[in-house]
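Just below is one structure, and these are the notes that go with it.
Readers should treat all values here as calculations from the given coordinates under stated rules, not as data from a laboratory. Bear in mind that the values here come from a model prediction, so they are computed numbers and not experimental data. Glycine also receives a Cβ, built like all others from the backbone with ideal geometry; neighbour counts cover every protein chain displayed.
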Amino acid sequence: MGKYTDNPAAVAALVEQHQVHRDTYIDQEIYELEMKHLFSNTWVFVGHDSQTPTKGDYITTQIGNQPVIMVRHSDNEIYVLYNRCPHKGTKIAIDRAGNTGKFFRCPYHAWSFKTNGCLLAIPLKKGYADTAFKDSEANHGLEPVGDVKNYRGFVFARLAKQGISFEDYFGEAMSSFDNMVDRAPEGRLEVAGPPLRYMHQCNWKMLVDNQTDTCHPMVAHESSAGTAVKLFEEANWPEDKPKPMAMEIIAPFMSPYEFFEEMGIRTWPNGHGHTGVHHSIHSDYTQEPEYWDAMVAGHGEERTEEILSEIRHNTVYWPNIMIKGPVQQLRNFIPLGPNKTLVESYIYRLVGAPDYLLQRTAMYNRLINAPTSMVGHDDLEMYERAQEGLHAQSTEWINIQRLHTEEENYDEIAVENGTTERQMRNQMNAWVKFMTMTMSDKVEAAE
């Protein structure tokens with residue numbers, strides 16, 4: 001046992017109002033506690049129901065370090081099950097996606113299970129006739145996670161059997177999901193192919209922090225976005241000719257500090273928040289008349305104006321996803337160790353919208369988030385440098401003090417200057433809350 005296990009006070013002491021101890025980013029024991037407590041007590045993104053459109057369709061993924069299967073059952077409902085045979089522990093499915101038909105079959109001993117997890121059949125079942133097998137955990141089949149919620153197509157799960165409800169956990173924060181889905185004339189999204197996957201040699205929280213860090217774009221991306229803007233300006237592009245889609249995407253990364261200060265940041269309880277309260281880097285994208293017409297046909301003119309005038313930048317859903325409503329994108333930060341994170345970048349089709357919107361969404365993903373990205377490598381280098389630098393013996397603390405006030409209440413919704421680090425403080429406040437709630441229960445029970 002290390003110094004943090006079953007010691008909620010020691011864990012809580014890692015986060016102060018204006019700074020965070022480096023162990024939260026580099027310590028193996030802390031990482032293991034995050035997997036055990038944080039990712040068990042929070043609601044975590046699993047997938048989109050359009051990834052499993054037909055009965056028997058499934059995807060495999062993980063919640064924290066727990067392997068799970070998301071599958072569409074015969075009743076047409078989505079189930080999330082632990083990807084582990086109750087017999088010997090063998091993973092039931094290893095493909096990222098597929099269709100299992102009417103049941104899952106373990107490849108080791110051929111135990112089979114319905115797609116809702118219930119045990120279906122066991123070879124040579126007579127061998128259990130005179131045992132207490134009917135009372136065993138194995139007889140229950142593939143274990144479901146604690147709770148599941150399908151919110152407008154996006155599937156979330158909580159591993160813990162008891163805990164905060166979906167509604168209480170997210171509250172008004174789901175307004176960013178609402179806006180993204182409402183941008184579809186038909187009011188629904190469809191996943192557009194598999195995600196781009198990109199390995200990062202850093203702690204998962206560095207990626208989450210970066211999503212609302214508005215003081216780095218004009219610095220870290222000067223070599224990529226800055227060079228692109230410079231070359232475009234030197235090309236003397238005709239003013240009466242539409243700007244190329246790629247330049248509409250890249251150029252705003254070089255916006256000045258004032259632009260990001262004025263955009264604003266909104267924080268919600270439980271670690272959620274978004275940049276782009278008043279405007280964002282997506283505000284000046286070209287909008288074709290045919291899309292407006294399709295939206296008016298689906299929502300009416302007043303509602304269409306309301307939907308499209310909300311142009312948020314990045315919305316963080318704690319602990320580990322970010323969405324961009326205006327470009328229908330979701331990034332999933334999957335922790336694989338204290339210094340290793342797999343990033344999945346999904347894009348979605350606005351059902352009923354013109355194809356050029358999906359083209360822009362796909363282009364944004366390739367230019368910004370792909371392993372071959374022009375811009376993403378700037379961030380990647382910063383993450384890896386930080387992961388290495390945090391091991392230096394000098395300073396043990398990470399500063400998140402920008403625009404900090406002594407009376408911050410993270411249980412309240414707040415809108416502040418767009419360069420504040422309040423959202424990072426909000427996230428780490430939630431980190432302590434969900435890391436220690438079950439640790440505290442265990443300590444109290446032991447006493």
Which of Glu234, Glu288, Glu344 fluctuates most in a GNM of the chain (C-alpha springs under 10 Å)? That residue is Glu234
Listed residues Trp268, Trp204, Trp292; largest mean-square fluctuation, Gaussian network over the chain with Cα springs below 10 Å, found at Trp292
Once the dipole of the range 44-151 is set up from charges on Cβ (+1 Lys and Arg, -1 Asp and Glu), the residue from the list Leu142, Ala93, Val71 lying farthest towards its positive end is Ala93
Along the dipole axis of the chain (charges at Cβ: +1 for Lys and Arg, -1 for Asp and Glu; origin at the Cα centre), the most positive-end residue among Leu330, Ser176, Ala235 is Leu330
A correct Kirkwood calculation over the Cα atoms of the range 270-425 returns a hydrodynamic radius in Å of 18.3 Å
Listing Thr420, Thr227 by rising number of other beta-carbon atoms within 10 angstrom, fewest first, gives Thr227, Thr420
Of Ile122, Ile249, Ile92, the most mobile residue in a GNM of the chain (C-alpha springs, cutoff 10 Å) is Ile122
According to the Cβ-distance criterion of 4.7 Å, cysteines of the chain with no possible disulfide partner are Cys118, Cys202, Cys215
Those trypsin sites (Lys or Arg not before Pro) from the range 122-223 that are DSSP loop and have at most 14 other Cβ neighbours within 10 Å turn out to be Lys161
Quick note on Thr315, Thr131, Thr419, Thr5, ordering by fewest other C-beta atoms within 10 Å, gives Thr131, Thr5, Thr419, Thr315
Given [x] 23.5; [y] 22.2; [z] 21.2 as possible values of Kirkwood radius over Cα pairs in Å, the one from the coordinates is [x]
For 296-305, 211-220, ranked highest to lowest by mean beta-carbon neighbours within 10 Å, the order is 211-220, 296-305
Dividing the helical contributions, -39500 (n - 2.57) per DSSP H run of n ≥ 4, by the residues of the chain yields a 222 nm value, nearest 500 deg cm²/dmol, of -8000 deg cm²/dmol
Sequence order, the range 88-98: Karplus ³J(HN,Hα) from phi using 6.51 cos²θ - 1.76 cosθ + 1.60, θ = phi - 60°, Hz rounded, Gly and Pro as x, gives 10, x, 5, 5, 6, 10, 10, 6, 5, 7, x
